[in-house]
1. Filter the stretch 28-38 for residues that are in contact (Cβ under 8 Å) with a residue 24 or more places away in the chain and either farther than 20 Å from residue 9 by Cβ or assigned to a loop (DSSP other than H, G, I, E, B) (or both) and give the result.
2. I need the full set of residues from the stretch 24-47 which are of a type in the set (S, T, N, Q) and touching a helix residue (DSSP H, G or I) at 6+ places or on another chain (Cβ under 9 Å), in order please.
Amino acid sequence: LTAMTSLEIVGRVMAGEAKPGYQTPSSVFGPDFITEFEGCKWQDLNE
């Protein structure tokens, strides 16, 4: 998963989708970024 997300992030940064400087993946691509990858989903821990 780390390799897949890293490659996706690099591709998006190279395409100009991120501003220069330190940012977390969720601050750049949104909190649902991780759910774009196979097997990743949100889980409500209160249920």
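Bear in mind these aren't lab numbers, they're just calculated from the coordinates by the rules spelled out. Quick caveat, the model's predicted, so the values are computed rather than measured. Using ideal geometry, Cβ is built from the backbone for each residue, glycine included, and neighbour counts are taken over all protein chains shown.
1. The answer is 37, and nothing else.
2. Answer for the stretch 24-47, where residues must be of a type in the set (S, T, N, Q) and touching a helix residue (DSSP H, G or I) at 6+ places or on another chain (Cβ under 9 Å): just 26.
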